[in-house]
Structure formats: C-alpha cells, structure tokens
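Encoded as structure tokens, here's the structure I'll be asking about.
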Amino acid sequence: MKKGGVAVFSTLVGAIAGFAGSSYLGNKQVAQKAEKVDKFKGYYNMLNQWLVLKQEGKSLEKYFTDNGYKTIAIYGMGEMGNRLYDELKGTSVTVKYAVDKNAASTYSELDVIDPEDDYEEVDAIVVSAIFAFDEIEEMLSDKVEFPIVSLEDVVYEV
C-alpha cells in the first residue's frame with residue numbers, strides 16, 4: 001500500500017513539475033517571439049518614416065548638418081547601417097568608418113572596426129541597431145567622448 005501511495009505521489013509531483021517546466025518554456029518562447037515582433041515593428045515604423053522623408057524630398061543629411069556633425073561613424077553595418085551609408089554618400093557628411101561586432105566578415109567600402117578597437121575621433125557615432133541602442137550606448141560611452149545617437153532619433157528628428 002505504501003509503495004502504491006509513493007508511486008502515485010511521485011507521478012503527481014512529476015506531472016506537476018513537467019507541466020510547470022513546459023509552461024515556463026512556453027512562456028519564454030512567447031516572450032522571445034514578442035521581442036522579435038517588437039524589434040521588427042520598430043524597424044518597420046522607422047523605415048516608414050524614412051520613406052515619408054524621402055517622398056517629401058528630405059534627406060537625413062539635414063539632421064547631421066543641423067547638429068554640426070560633419071564626420072560620423074556608423075555602428076552596425078547590417079541593412080540599416082548600409083542604407084544610412086548609401087544615403088550619406090556624396091553629401092556634406094563624411095562617414096569615416098563603421099563599427100560592427102562581425103567586422104572580419106562584414107563587406108563594406110568603409111573600414112569596419114571591431115567594437116573593442118580604438119575609435120578615431122568623429123563628430124558622432126550613429127547606432128543603426130536601434131533595438132539594442134541602450135546597451136550599445138552604455139558600452140560606447142566608456143570608450144568615446146563624442147555623441148552617440150540612434151538612427152531612429154535621426155529619422156524622427158529630420
């Protein structure tokens with residue numbers, strides 16, 4: 001009788017633990033997916049605003065000239081960083097270099113340095129990875145004395 005009670009109790013505890021564990025993992029996966037959706041919504045909204053600016057005949061160059069930024073570096077050479085570089089080519093704003101955690105495998109016309117490298121003086125660094133801006137800004141603020149701005153702020157402030 002005792003063995004049967006222990007078996008039932010063990011089965012019950014195992015079932016509860018299994019349910020709790022799978023519920024936790026399920027909630028974690030839902031949270032990760034929601035975070036990814038938020039990230040892409042942020043990019044979508046920013047790109048939509050950027051397109052509105054283009055349709056109005058405006059350029060992101062205006063933000064930089066209005067703030068006295070003649071030379072910049074771009075942090076993050078994914079799609080957004082490359083679009084920013086393309087937009088600023090041939091303008092009064094010089095993109096001196098880029099910073100990317102995958103510097104060794106990043107193809108660009110620009111010199112691409114690793115985040116741990118030394119940074120050449122520029123008027124500002126523009127972070128194209130808008131979803132990670134706070135963490136990147138915190139890391140960069142220990143390394144550089146010049147302003148660190150989010151591409152999202154650039155787009156919305158033109």
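Computed over the Cα atoms of the chain, what is the convex hull's projected area averaged over all directions, in nm²?
With every direction weighted equally, the projected area is 13.4 nm².
Could you derive backbone 3J(HN,Hα) for the range 35-49 from the dihedral phi with the Karplus parameters 6.51, -1.76 and 1.60 (θ = phi - 60°), listing whole Hz in sequence and x where the residue is Gly or Pro?
The phi angles translate into 5, 5, 4, 4, 4, 6, 5, x, 5, 4, 4, 5, 5, 4, 5 Hz.
Hey, another quick one. Can you work out the accessible area per residue across the chain, with the rest of the protein chains kept in place, probe 1.4 Å, in square angstrom? Write down the numbers at each step before the final one.
Numbers: 10150 Å² over 158 residues.
Normalised by residue count, the accessible surface of the chain is 64 Å².
Let me ask something additional. Lysines within cross-link reach of residue 62: Cα-Cα under 19 Å, excluding same-chain residues under 8 positions apart?
54, 70, 89, 96
Using protein chains only and a probe of 1.4 angstrom, how many square angstrom of residue 92 are accessible, to the nearest 10?
Near enough 70 Å² of accessible area.
Just order 121-127, 62-68 by mean Cβ neighbour count inside 10 Å, highest at the front, would you? Can you show the working numbers first?
Values: 121-127: 21.0, 62-68: 15.3.
Put in order of decreasing packing, that is 121-127, 62-68.
May I ask you to rank 158, 93 by accessible area, largest first, using a 1.4 Å probe over the protein chains only? Walk me through the intermediate numbers first.
Details: 158 35, 93 5 Å².
Final ranking, largest accessible area leading: 158, 93.
So what is the diffusion coefficient of the range 42-100 in µm² per second by Stokes-Einstein at 4 °C and 1.567 mPa s, using a Kirkwood Rh over Cα pairs? Kindly include the intermediate steps, with their values, before the conclusion.
Details: Rh = 12.1 Å.
This corresponds to a translational diffusion coefficient of 107 µm²/s.
The values are calculated or read from the model by the stated rules, or taken from the named source; none is laboratory data. Nothing here was measured: the structure is a model prediction, and the numbers come from that model. Cβ coordinates were reconstructed from backbone atoms using ideal geometry, including for glycine residues, and neighbour counts include every protein chain displayed. What goes into the accessible areas is simple: the full protein's heavy atoms, side chains included, and nothing from ligands, DNA or RNA. Shrake-Rupley method; radii C 1.70, N 1.55, O 1.52, S 1.80 Å.
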